[in-house]
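Peer 1: One structure is given below, represented as structure tokens, and several questions about it will come after.
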Amino acid sequence: MLSILIMVSCNKKEDGTLEVEVYETSASGNKLKKVTEFAKQGNAVEIKIVPEEEFQTITGFGGAFTESSAYLLNQLGKENRQKIIDAYFSEDGANYSLTRTHMNSCDFSISNYSYSPVEGDKALEHFSIKEDQDDLIPMIKEAMAASKHGFKIFASPWTAAPWMKDNNNWVGGKLLPEYYDTWALFFSKYVDAYKAEGIDIWGFTVENEPLGNGNNWESMHFTPKEMTDFVQNHLGPKLEADGKGNLKILGYDQNREHLKEWVDEMFRDEASSKYFAGTAIHWYASTFEVFPEELQYAHKKAPDKLLIQSEACVDAEIPVWQDDAWYWEKEATDWGWEWAPEEDKHLHPKYAPVNRYARDIIGCLNNWVDGWVDWNMVLDTKGGPNWFKNWCIAPVIVDPEKDEVYFTPLFYTMAHFSKYIRPGAVKIGIENSDRTLLITAAKNPDGSIAVVVFNQDKEEMHFQLSLGELKKVISIDAQAIQTIIVQPN
């Protein structure tokens, strides 16, 4: 059994005891449980939190508003619908602060649709978001009502309408150059349409997965140069001309292993960098690898730009219903288990979903990522609805026929970050002489420090939180994640 010493500047009582609040989620059944009693253990290993060593400012944590999630909420009773909204967005819940949604349809839509359905309508006179008015928009408005401090929304297109593309298809193909200005106008009109509904859009990614998805569902391909040229010469200037220059434009929006070639092109010179607020990334290149070298490279290339994890989920899996233990076991597989090229198979072993979430978020925060956004907030027991039958898992699973709701351990894992590390927090330093526990820390705007600790081992562990004479012995369950809140002096 290993003991860990954590040092941090914070409150002290007259007896020298460090004052902390500890919340734990564990395979043994704790779900954001406040823990107040700990076993004592000597011979501690030192892990030091260094508040004066500052890194990135946190943008937020959250999930995505999709048509599938909103459609399912419409099938639930009023009580369960509100229960889910409050769980994600209220101050007593996960308190999500950064969210994503899709422009036009995506795989997690009920069918293919576009806000620009009339072929040849270059001025977008027939632009309409009516497809969102029965599901997505009500869900977002209810989330806004539940959120005390509000949250940011960025929108991502999977594809333009087929008539704007060289293959005249929802899947694959490229945007025709003759429609570059029309497509830039599309973004501007989307902001106005949502504003008319009382919803402010914070920013965009230019294109979800510009490298494609194997020609399976909605997609539209860009090379790094094509996307950069589109932003520099069309999208950026259009938003600026329409008085929307404050909107954040995030480039790329796909897996981390290709980051270098994308950020090299996006930030090739001052003219191209001007309109990009940052870079968006996904996690699907591996079930365990964070790609720290790529993240570090992206930060060094553009140190003043955002680096946001914009999508992640347990993909290619049907949800396991009301079985918490499964989410802690290494039984999940992803798309790469069957379909990755042979040379990449080693990146896609079986994994425990909770481990993957906790490891990835901590790894991202420790490598300059400032925002982390999950995919669907709500899915059904089949892992949909999804018009392509691309089944996945969400933190909240529902059975609409029985009006039942299941909060998986992934929901509580997300909340360990979103609830306690708030927008404007600053990631602070860690000196870790032992890698058994995974740790990150951030100082919140109110001065409190949130330390997130993940124990993926199957043994309880003990650590001493201390600074000089200030000490607190804490134990963490086997297979558990803790958030430790240290209040300011």
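The values are calculated or read from the model by the stated rules, or taken from the named source; none is laboratory data. In this text the structure is predicted, and so the values were computed from the model without any measurement. Here Cβ is always computed from backbone atoms with ideal geometry, including for glycine, and neighbour counts include all displayed protein chains. Calculation scope for accessible area: heavy atoms of the full protein, side chains included, ligands and nucleic acids excluded. Shrake-Rupley method; radii C 1.70, N 1.55, O 1.52, S 1.80 Å.
Peer 1: Which Cα, out of Asn168, Ser156, Thr182, lies furthest along the positive dipole direction of the range 154-195 (beta carbon charges, K/R +1, D/E -1)?
Peer 2: My answer, from the dipole projection, is Ser156.
Peer 1: Could you do me a favour and compute the accessible area per residue for the chain, 1.4 Å probe, result in Å²?
Peer 2: 38
Peer 1: Select from the range 275-382 those GluC sites (Glu not before Pro) which occupy a DSSP coil region and have at most 15 other Cβ atoms within 10 Å, ordered by residue number.
Peer 2: Of the GluC sites (Glu not before Pro), the ones in loops of the range 275-382 whose Cβ has at most 15 other Cβ atoms within 10 Å are Glu331.
Peer 1: Okay, next question. For the range 328-485, with all protein chains present and a 1.4 Å probe, just round the carbon and sulfur fraction of the accessible area to a whole percent.
Peer 2: The nonpolar share, carbon plus sulfur, comes to 47 percent.
Peer 1: Once amide H atoms are built 1.01 Å from N in the peptide plane, which residues 5 or more positions from Ala332, or in another chain, come under 5 Å H to H?
Peer 2: Those qualifying (amide H under 5 Å, at least 5 residues apart or on another chain) are Tyr351.
Peer 1: Skipping prolines and chain starts, which residues have an amide H placed within reach, meaning under 5 Å, of the one on Asn255, given they are 5 or more residues away or on another chain?
Peer 2: Distant-sequence amide H within range of Asn255: His282.
Peer 1: Let me ask another. On a C-alpha basis, how far is the centre of the range 374-441 from the centre of the range 196-251 in Å? Whole number, if you could?
Peer 2: 26
Peer 1: Given just the C-alpha atoms of the range 82-235, how large is their convex hull per residue in cubic angstrom? Before the final figure, lay out each step's value.
Peer 2: Working: hull volume 18.2 nm³, N = 154.
For the range 82-235, the hull spanned by Cα atoms encloses 118 Å³ per residue.
Peer 1: Can you pull the percent of the range 130-258's accessible area that's carbon plus sulfur, 1.4 Å probe, other chains left in place? Spell out each step's value before the answer.
Peer 2: On the way: 2130 of 4700 Å².
Here it works out to 45 percent.
Peer 1: I would also like to ask the following. How about the range 80-129: which trypsin sites (Lys or Arg not before Pro) there are in a DSSP loop, with at most 14 other Cβ atoms within 10 Å of their Cβ? Before the final figure, lay out each step's value.
Peer 2: Numbers: sites: Arg81, Lys83, Arg100, Lys122; in loops: Lys122.
The qualifying sites are Lys122.
Peer 1: Using the crude model of +1 on Lys and Arg Cβ and -1 on Asp and Glu Cβ, and no other charge, please compute the dipole size for the chain relative to its Cα centre, in debye to 20.
Peer 2: Here the chain has a charge dipole of around 940 debye.
Peer 1: Using a 1.4 Å probe, how large is the accessible area of Leu470, given in Å² and rounded to the nearest 10?
Peer 2: We get 20 Å² for Leu470.
Peer 1: If you don't mind, another one. Among the DSSP beta bridges whose two residues both lie in the chain, what percent are antiparallel, rounded to the nearest 5?
Peer 2: If I count the DSSP bridges inside the chain, around 55 percent turn out antiparallel.
Peer 1: Using amide H atoms built in the peptide plane, which far-off residues or other-chain residues are under 5 Å from Ala312 H to H?
Peer 2: Residues meeting the amide H criterion: Trp375.
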